[in-house]
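Okay, so here's the structure we're looking at.
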Amino acid sequence: MPSAKQKITLAAKDLFVAKGYNGTSIRDIAKTSGVQTSLIYHYFENKDCLWRQVRETFIGTNDLLSHTTEIITTSLESFIEQLIQQRLDFFKNNHEILRIFDWQRLEGQGERMIGVAQKKNAPTPVSLEQILQNFQQMGEINPDISIKHMALMISGAIFGPFLKTGQNELKTEEEEVQYIKMLTQSLVQAFKP
């Protein structure tokens, strides 16, 4: 049986997905979770804190902005291929987070709400831009190409299969493998010196 805090978090997640941050009230969350409003404030200082808890629950240890050392130490092509596969897998298994991203963008929450708190004793995440900069310094990426633009290209391509419906448009494993291969080759070609 879920704890009161888990009930609150699950109800908040469902409501944030369905109605967005602005469309969800603490009262709605209390009613949906079957707890008193005061109990929500016992666990969460405010709605922003509850939002962050929902984000942490969704993302868990697979922070969208961090990358493992194994991926960092590979070739650019291998890195891009593994990154795309990792992120596609994440979004296939957590497609509701895409709805939260959409609500956040539409409601103008911007950077204020996008982050997930760094867990204590967790390694500092390495950003995609830092990794691309390392590959650029190693000569695998054209030095005249903007790191920011490369990161945007990669991120946009990863979100691509989910933009139309919020669900994965790559319906078969073969289709996904072809997409990853084509995307990897295209990005490596575009970035090479």
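In this label model, Ile26 and Thr74 are separated by 4.6 nm, measuring between points 7 Å along each Cα→Cβ vector. Considering only DSSP states other than H, G, I, E and B, which chymotrypsin sites (Phe, Trp or Tyr not before Pro) in segment 3-46 qualify as loop sites with at most 13 other Cβ atoms within 10 Å? Of the chymotrypsin sites (Phe, Trp or Tyr not before Pro), not one in the loops of segment 3-46 has a Cβ with at most 13 other Cβ atoms within 10 Å.
Full extension of the segment from Gln137 to Glu174, taken as 0.36 nm per residue of separation minus the current Cα-Cα distance, would add 9.9 nm.
Take the alpha carbon atoms of segment 171-186, find their center, do the same for segment 1-53, and report the distance between the two centers in whole angstrom. That distance is 38 Å.
A short reminder: the numbers here are calculations on the coordinates, not readings from a lab. Here the structure is a predicted model, which means the values were calculated and not measured. Here the Cβ is made from the backbone with ideal geometry for all residues, glycine too, and neighbour counts use every protein chain on show.
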